[in-house]
Amino acid sequence: MALIAAFFILIHPNLNAQDTENVTVNSDTTKTLFSNLKFNTLGLYIAPEVQFSQLAGEFTGMRGGSLMAIINKKFAFGATVTTNQRNFTPIDFNVNQALRLQYRSVGARAEYTFAPHKLVHISIPLTLGYGHASVDSTNAFIHLYDRDKVDFNGHSVFVGFGSKSIGYRMHRFNTTRFAFVQPAIHLDLNIFRYGKLFVGAGYRINIYHADSNTSLVNLTNAHLSGLTIQTGVKLGIFGVNIRKKQEGE
């Protein structure tokens, strides 16, 4: 019994050394956020949408769309564009004359979808965007001039009538450049294999603006931030299996 006890006492340090050595070897592998991410499926969809969104403290109609690539039916990355309705005239800007606010933006969008296989599920898009906004008179596009009397400087479209032409003066906008971030949450409904309907809401947080020196109204971050309600459709292929089957499967 004494010899057996002595044997185990002698080999015990060696066992610990082996365990320590194994731990050291295994710890050389660095784990990262995407270590276990495998590309099982890929997809692509377009998503035209309409919005009811705040600008200058009032709601206005908007339209736009997105083009998105999907990984594993859950992660989507792509681009989006948005513009508001043409004749939006906020009350704050229309004290002495009729002014309208025009808004255009482009952005990069990332989206995560929870349980996309379910009939109704949730998706969370996040948009980082850049754009231009302008405040101008409501009749800026409809001034008529005689071609022989007005110098258009290349900013007009002419329709010929004999020796003279009538031009529609294209007004040069005094724009405000801006950047924003917009988180949102959508409720998605699977209509059929290649189409979904979504409705949701988000909040546009303007984080940068630079006014033109000749702007009629100096727009602020508060003017360009606001709640937005969104609805639209997603049309495309939401998942194509790209992994080769293992032999014997």
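The values are calculated or read from the model by the stated rules, or taken from the named source; none is laboratory data. Keep in mind the model is a prediction, meaning the values are calculated, not measured. Counting neighbours? That spans all protein chains shown, and the Cβs are built from the backbone with ideal geometry, glycine included.
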- Message: Can you tell me which residue is modelled with the highest pLDDT among those in the range 202-221 that are closer than 23 Å to residue 61 by Cα, out of contact with any Phe, Trp or Tyr (no Cβ under 7 Å at 6 or more places or on another chain) and crowded, with 16+ Cβ neighbours inside 10 Å?
- Response: 202
- Task: Name every residue in the range 117-136 that is at pLDDT below 95, surrounded by 14 or more Cβ atoms within 10 Å (Cβ to Cβ) and over 19 Å from residue 64 (Cβ atoms), in order of residue number.
- Result: 135, 136
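Would you confirm whether any residue within the range 83-106 is within 21 Å of residue 39 (Cα to Cα), aliphatic (A, V, I, L, M) and modelled with pLDDT of 95 or more?
no
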- For the range 53-63, indicate whether the set of residues that are of a type in the set (A, V, I, L, M, F, W, C), under 19 Å from residue 178 (Cα atoms), in a loop (DSSP other than H, G, I, E, B) and in contact (Cβ under 8 Å) with a residue 40 or more places away in the chain is non-empty. yes
